[in-house]
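Asks: I have a structure here, written as structure tokens, and I will follow up with some questions on it.
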Amino acid sequence: DALFDLGGSSLLAIQMLSRVKQGFGVEVSLRRLLAAPTIAGLAVEIERLAAEE
């Protein structure tokens, strides 16, 4: 399910991306999150960014 379908807000999305940066050391843009708004989509994006570094 998509973040916003589950009751998420833009504020929660930004907080989540901040925690992703702290925990995984990669910076996922809000635009990327909106393009793939599921946990699975976020995981793919985190893996893609981590592989680039």
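Asks: Hey, among the residues in region 30-53 that are touching a residue at least 12 places away in the same chain (Cβ under 8 Å) and part of a loop (DSSP other than H, G, I, E, B), which one's surrounded by the fewest Cβ atoms within 10 Å (Cβ to Cβ)?
Replies: Per the stated criteria, the residue is 53.
Every residue, every condition in (1) in contact with a helix residue (DSSP H, G or I) (Cβ under 7 Å, 6 or more places away or on another chain); (2) modelled with pLDDT of 95 or more; (3) basic (Lys, Arg), yes or no:
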| site | (1), (2), (3) |
| --- | --- |
| 1 | no, no, no |
| 28 | yes, yes, no |
| 32 | yes, no, yes |
| 46 | yes, yes, no |
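Asks: Is one or more of the residues making up region 9-28 surrounded by fewer than 12 Cβ atoms within 10 Å (Cβ to Cβ), assigned to a loop (DSSP other than H, G, I, E, B) and among the hydroxyl-bearing types (Ser, Thr, Tyr)?
Replies: For region 9-28, residues surrounded by fewer than 12 Cβ atoms within 10 Å (Cβ to Cβ), assigned to a loop (DSSP other than H, G, I, E, B) and among the hydroxyl-bearing types (Ser, Thr, Tyr): present.
Asks: With the requirement that a residue be modelled with pLDDT of 95 or more and either within 13 Å of residue 3 (Cα to Cα) or not charged (D, E, K, R) (or both), what does region 16-26 give you? Before you say what the answer is, go through the steps one by one.
Replies: So the first thing to find is which residues in region 16-26 are modelled with pLDDT of 95 or more, and the list is 17-26.
17, 18, 20, 22, 23, 24, 25, 26, listed by residue number.
The values are calculated or read from the model by the stated rules, or taken from the named source; none is laboratory data. The structure displayed is predicted, hence computed values, not measured ones. Here the Cβ is made from the backbone with ideal geometry for all residues, glycine too, and neighbour counts use every protein chain on show.
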